[in-house]
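The values are calculated or read from the model by the stated rules, or taken from the named source; none is laboratory data. Given the structure is predicted, the values throughout are model-derived calculations rather than measurements. Here the Cβ positions follow ideal geometry from the backbone for every residue, glycine too, while neighbour counts run over all protein chains shown. We work out accessible area using only protein heavy atoms, side chains counted, and drop any ligands, DNA or RNA first. Shrake-Rupley method; radii C 1.70, N 1.55, O 1.52, S 1.80 Å.
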Amino acid sequence: MAGLVTINDLQTLMSTQFSDESLEQATLVVEIVSSWARVVSGQSWPDAPLGVPADVAAVVLQASRRELKNPDRVISRQMGPFQVQFSQPPDGFFYPAELAILKRFKR
């Protein structure tokens, strides 16, 4: 199923132009994030990206950007004595405010 946002919108948000390899990765990330957003919202939005509410598109764009910038999902670091904490998808993937936006569409 198509992503809820376009790769062009993601490139604009990130101020970048994806190369061939990074374009494939970005496309896959958008598809994964869109899939999770569909599950949380209970909506399929079959005509995506047309007809997707702006706030849902913003959630998908921001979450896709985070995933591309921080694929290991490091949520905290400590330099000494070297502690790192990771977020596990899909739990912890969307921020609470993003979840609230997506859950508004659940019937």
query: Of all residues in segment 36-61, which are surrounded by fewer than 18 Cβ atoms within 10 Å (Cβ to Cβ), assigned to a helix (DSSP H, G or I) and modelled with pLDDT of 95 or more?
result: Ala54, Asp55, Ala58
query: Is there a residue in segment 5-16 that is modelled with pLDDT of 95 or more, within 18 Å of Ile101 (Cα to Cα) and in contact with a Gly (Cβ under 8 Å, 6 or more places away or on another chain)?
result: no
Cβ-Cβ under 9 Å pairs, at least 6 apart or on other chains, segment 18-45 side among the basic types (Lys, Arg), far side open to solvent by 30 Å² or more (accessible area, probe 1.4 Å) and assigned to a loop (DSSP other than H, G, I, E, B): Arg38/Met1; Arg38/Ser44
